[in-house]
1. Can you give me the C-alpha center-to-center distance between region A:59-105 and region A:127-189, rounded to a whole angstrom?
2. Please list A:99-105, A:153-159 highest first by mean number of surrounding beta-carbon atoms within 10 Å per residue.
3. Let me know the mean shielding of A:164-173 by other chains, meaning the per-residue number of their Cβ atoms within 10 Å of its Cβ.
4. Please compute the average number of Cβ atoms from other chains found within 10 Å of each residue's Cβ in peptide B:87-98.
5. Please give the contour-minus-distance gain from residue A:174 to residue A:37: 0.36 nm per residue of separation, less the Cα-Cα distance, rounded to one decimal in nm.
6. Arrange the peptides B:125-135, B:55-65 so that the one whose residues have, on average, the most other Cβ atoms within 10 Å appears first.
7. Multiply the residue gap between residue B:127 and residue B:100 by 0.36 nm, knock off their C-alpha separation, and tell me the result in nm, one decimal place.
8. Using a Förster distance of 41 Å, how high is the FRET efficiency between residue A:200 and residue B:91, based on the Cβ-Cβ distance and rounded to 0.05?
C-alpha cells in the first residue's frame, strides 16, 4: 500500500502533468509552422477616403488588421504604436507589399473623416475602415473579434468605452490568416515574422 | 495558436502559484518630477490625441518613501470634464477598461501606471492634446495629500518606458 498522503500524490501527479504540458507547449512553439487559416466570411466597409472596400478586394496583398475604436484611450494607441514601429522597421520592398488596416468596432462614433485623422497620427500607411454597425459587426465576426459597449456615462449615452479583443491579424494574399498576434506583442518578433514571410 | 499557448502558460503559472503579478518595480529612475515628503511622482506622460478625441490617459511611476502604505484616491485636471482612476482587466485576450476607486501605493514601493494597466483617465477632453504640451494634474493621496504634477504629452504611438523606441517614434 502507498502510505503517501493523497494530497502529496495528487501534487506530484499535477507537477508531472504541468511539466509535460510545458514541454509540449515549447515544442509546438518551436515548430512554428502553423497552417494558414482560411477565413470564413468577409467584410464590406468604407475606407478613410470614402471608398467602398471588401476583404475579397484585398486579395493579392498582405494585410495587417487591428480592430479598435478611435475614442480608445490606451489599448488601441498601444497596439497602433506597435504596428507603426513594426512598419517603420520593414524594408521598403516589404512595406509596399503590406496594407495595415484599422477596422472600427465603434462605427457610430468613428466617421470616415475622423478615422482618417486618427490613423494618420500613427502611420501614413495605416488605413482606417468604418461602416454601419451591421457591417462592422460582420467584419469583427469574420475574425472572431469580441466587442461590447461598457462604462456608459449615465448623463451622456454617446460617452462610453468599448471592451474588445486586442489581436492583430496577419493575412496572406490568398485571404488566409497566417498569424494572430496578442495584445502588445514584441515588435521585433512581429517584424521578423512579417519580413520572413514577405521574402519567402 | 498563440492564444492557446499563452493560456496554457498562464495556467501553468497559476497552478504553480508563481503568478504574483504586481505592477511594482523597486528600481529607481531619474528625472523626478514631483516630490512631497512621502510620495514621489516620476515621468508623468500622456499621448497626443486626435482633434475629436474625447478620452485620454496619463501614465507615471509613483514611489512611496514613507513608512506607511498609501493610496492614490483621486486625480483632477482642467483639461477634461472628468478625471478618474482606471485600470484594464485582461480577460482572455479581451481588454476591459474599468473605473477604480483607488490605486494602492505600498510603503517603500514604486508603482507604475502604464499602458495596458492602471492609469489616470481624462474623460470629455476640452481640447486636443498636442505633442509637447504640459498638462497640470493634481493627484490626491490618502496620507500624503495633494501632489501637483505636469504631464508631458508624447507622440500618439508612444509607449513610455515599456518599449524602447516608443519615446522617439516620429510623428508623420
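1. Their Cα centres are 12 Å away from one another.
2. Details: A:99-105: 24.3, A:153-159: 11.0.
For the peptides A:99-105, A:153-159, the packing ranking is A:99-105, A:153-159.
3. Working: counts 5, 6, 6, 4, 0, 0, 0, 0, 0, 0.
Average per residue, whole number: 2.
4. 6
5. Numbers: separation 137, 0.36 × 137 = 49.32 nm, distance 1.03 nm.
Net length gain for the segment: 48.3 nm.
6. Details: B:125-135: 14.4, B:55-65: 24.1.
Sorting B:125-135, B:55-65 by mean packing, highest first, produces B:55-65, B:125-135.
7. Values: separation 27, 0.36 × 27 = 9.72 nm, distance 2.47 nm.
Roughly 7.3 nm would be gained on extension.
8. Details: r = 36 Å, r/R0 = 0.87.
That pair, residue A:200 with residue B:91, gives E of 0.70.
Values quoted throughout were computed directly from the atomic coordinates according to the rules given, and no laboratory measurement underlies them. Predicted model only: the values in this text are computed from it and were never measured. Here Cβ is always computed from backbone atoms with ideal geometry, including for glycine, and neighbour counts include all displayed protein chains.
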